[in-house]
Amino acid sequence: MLRQRLVTMVGTGLVVLGTLTPLAASAAAEAMPAATLPVTASVVKQTCVNGDSVQVTLTASSASATGFAWDFTNNGSIDTRPRAQATVMAIYPDERTFTARVVAGDAAGNRGADTVTFTTMRCGGGG
């Protein structure tokens with residue numbers, strides 16, 4: 001089996017960092033990403049709260065997902081902990097367009113994601 005030693009020079013000494021071993025076919029297969037899980041994100045309703053704010057109810061649907069996590073502004077940062085409930089509520093400013101993203105997972109480790117873009121309604125203060 002082909003092996004290669006990784007080394008680095010430190011001062012005048014030689015330090016061994018590790019040994020590379022080629023992956024066996026089965027190990028490579030295990031490293032493959034999980035299958036994509038179909039999931040659909042949607043807006044259920046919008047309700048004005050506190051003047052110029054809108055409470056938006058978001059939901060996701062998937063035949064086999066067991067957990068959902070939401071990024072309310074699609075900025076790459078998940079805003080909720082993974083949870084079994086697909087429906088969440090978030091507060092947004094009125095009269096603005098946003099994209100929310102849901103990431104879903106199932107018991108087999110499959111993952112999927114979807115986004116929904118929406119414009120919040122006009123509330124009492126006009127935005």
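No lab work stands behind these numbers, since they all come straight from the coordinates. From a predicted model like this one, the values you see are computed outputs, not experimental measurements. Cβ placement follows ideal geometry from the backbone for every residue including glycine, while neighbour counts extend to all protein chains displayed.
Could you compute the net charge surrounding Asp79? Neighbours are other residues with a C-beta less than 14 Å from the C-beta of Asp79; K and R count +1, D and E count -1. Counting the neighbours of Asp79, the net charge comes to +2. Between the beta carbons of Asn75 and Ala35, assuming R0 = 35 Å, the FRET efficiency works out to 0.85 to the nearest 0.05.
Annotation: the residues Cys48, Cys123, sorted from fewest to most other C-beta atoms within 10 Å of their own C-beta, follow the order Cys48, Cys123.
How big is the shadow of the Cα convex hull of region 40-119, averaged over all directions, in nm²?
That works out to 5.0 nm², a quarter of the Cα hull's surface.
Would you mind calculating the relative contact order of region 40-119 from Cα pairs under 8 angstrom and at least 6 residues apart, reporting the percent as a whole number?
32
A simple rule links phi to the HN-Hα coupling: the Karplus curve 6.51 cos²θ - 1.76 cosθ + 1.60 with θ = phi - 60°, which for region 40-53 gives 10, 9, 7, 9, 8, 7, 10, 9, 5, 9, 6, x, 9, 10 Hz, with x for Gly and Pro.
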